[in-house]
Structures are given as C-alpha cells and as structure tokens.
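See structure below.
Throughout, read-outs are computed from the coordinates displayed, never taken from laboratory work. For clarity, every value in this text was computed on a predicted model and none was experimentally measured. Neighbour counts run over all protein chains shown; Cβ positions are idealised from the backbone, glycine included.
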Amino acid sequence: MSGALSDTELLELYTEGRNLTQQSRMLLTLQIILGSPPERDLNALSLGDRDRCFWTAREKLSGTAFDAKIECQSCQEWMEISCGPDFAIPEKVQDSAVVPFQGEDYELRLPNISDLQAAKAGFPYERLNPSAPWQEPLFRKNASQALEKADPGMDVLFLANCENCESSIEASLDVFRFLWTDLQARAQSLLGEIITLARAFGWSETQCLSLPPARRRLYLEHLA
C-alpha cells in the first residue's frame, strides 16, 4: 500500500462493502488498499500479511493508538485496554516454519486467507502440510509455537488481569474490526460534509470531494 485512501476511494469502499459478508468485505478492502486488479487472488495472502496491510491502512486513516474493552469470562466485568501511537503489528520473521518431530523435520507454510474459508470445525492445520502428523497432540503444540515464532503478527494477543476477580484474560486483536470502524466513521463524516455543502452551494458529490480537505473545512467553518 503506497498511500492513504482518497476520500472518493473511501466512500466507494464503504458504499460497496457495508452490505457484504465479513469475508467479502475484508477481501474488497484488501483489494482496494493494495491497489490490486480484481483478478488477483488474495486468498493466498498470509494472515499476518493481511493484518499488517489492514493496520497500515488504519495508521494512515486515523493513527495506531486505540482503546478497547474486553470482557472477563469469569465474572463478566468489562475492562479497558489502551495502546499508544507507537503500537505496531510485529513483522514476519520467515515465510514458513520447520517443526522437528520424532527424527523428521516438517516444513509448514504460514496460514492464509483460504485456510479460514476452508475451516469448518476448527482450523484446518493439515492444509499447512498434509503429510505432517497432525493427529499427534505434541506435534500440534510444537507446530503452533513454531508458526507463532515465524510470524508473531499472525495473531496478536493482549493479556490483562481482571481487577474484580483477579482472573487472567487473553484477548486477540481484531485488526479489521478497528479499521472498518474507523473507516465507517470517516465515511459518515464525509457524507455529512457533502450534504452540508450541497445544500449550501448546490455542489455535486464530485465537486465537494474535489476540494482539498483543508479548503473544504474552510467552507464548512464558514457555514457553521
């Protein structure tokens, strides 16, 4: 992703994506922020690379700091977690993981988007290497650890302690949810600006969006 979404691109993404399924919305968002042609198959993109793309897009839209709430599963108390402007999704260390087991080395590719689409009852780990002994619990454990080391950005976890019941809580960062929430808020703000300018001056959406944001704000401030 070379640059931030323009206001026109953002509105087009929001308009088309708001009524799609979550998976289709994610793929459309990836296609637009990466500038990919429609025929490119993005399902082979690893989960870590996918989330780094989403986080880069969010950084350019609204920064990287965020506040979130997580629920304690023991007492149902809600807690707040915050990350400052220096937060980033960890970089990928390598493109695959090697798991030694019972005298053999098994190379695993990193999980990608198509694996999630194929998931029915649990993650389909056998797709990462069909010949690996996935039926062995110890191998599964070692494989999970090796994959996490290969790409620590594949599933970013936050740990917290509940002040109410002192339970330890683990929460996974849903990167796309943060991006889409911010994108939706920006799109709705843009629509409000367009409506205000259109009512005041009779401008079309294209004319409103053709104004640089700073110039647009001057008009809006004058109308306030």
Task: Cysteines in the chain that, by Cβ-Cβ distance, have no pairing candidate under 4.7 Å - done: 53, 83, 208
- [ ] Pull up all non-local amide H partners of residue 101: gap of 5 or more, or a different chain, and H-to-H distance under 5 Å with H placed in the peptide plane.
- [x] 106
TODO: Work out how much length residue 224 to residue 126 would gain on full extension: take 0.36 nm times their residue separation and subtract the Cα-Cα distance, in nm to one decimal.
DONE: 29.3 nm
TODO: For the stretch 113-125, take each phi angle, set θ = phi - 60°, evaluate the Karplus expression 6.51 cos²θ - 1.76 cosθ + 1.60, and give the result in whole Hz per residue in order, putting x for glycine and proline.
DONE: 4, 5, 5, 5, 5, 8, 5, 10, 10, x, 5, x, 4
Open item on the list: Against the empirical 2.2 N^0.38 Å scaling, what ratio does the C-alpha Rg of the stretch 1-123 come to?
Closed with: 1.31
Task: 0 to 90° range, to nearest 10: angle between helix 22-34 axis and the chain longest Cα axis - done: 70
Open item on the list: Please compute the Kirkwood hydrodynamic radius over the stretch 96-150, one decimal place, Å, based on all pairs of different Cα atoms.
Closed with: 11.4
TODO: Would you work out the relative contact order for the chain, in percent, from Cα pairs under 8 angstrom that are 6 or more residues apart?
DONE: 20
Task: Computed lengthening from residue 41 to residue 92, 0.36 nm per intervening residue step minus Cα-Cα distance - done: 16.3 nm
Task: Under-5 Å amide H pairs with residue 112, H placed in peptide plane, nonlocal only - done: 47
Task: Non-local Lys pairs in the chain, i.e. 8 or more apart or on different chains, that have alpha carbons under 21 Å apart - done: 5
Open item on the list: How large is the translational diffusion coefficient of the stretch 84-224 in µm² per second when you combine the Kirkwood radius over alpha carbon pairs with Stokes-Einstein at 20 °C and 1.002 mPa s?
Closed with: 108
- [ ] Averaging sequence separations of C-alpha pairs under 8 Å and six or more residues apart, then dividing by the length of the stretch 96-150, give the relative contact order as a whole percent.
- [x] 38
Task: ³J(HN,Hα), Karplus 6.51/-1.76/1.60, whole Hz, each residue of the stretch 78-88, x for Gly, Pro - done: 9, 10, 9, 10, 9, 10, x, x, 8, 5, 8
TODO: May I ask you to evaluate 6.51 cos²θ - 1.76 cosθ + 1.60, the Karplus curve with θ = phi - 60°, for each residue of the stretch 65-72 and list the ³J(HN,Hα) values in order in whole Hz, giving x for glycine and proline?
DONE: 5, 7, 10, 8, 10, 10, 9, 6
Open item on the list: In the chain, if the dipole is taken from +1 on Lys/Arg beta carbons and -1 on Asp/Glu beta carbons about the Cα centre, which of 13, 178, 157 is farthest to the positive end?
Closed with: 13
Open item on the list: For the ranges 186-192, 159-165, 51-57, what's the packing order if you count other beta-carbon atoms within 10 Å of each residue, average per peptide, and put the highest first?
Closed with: 51-57, 186-192, 159-165
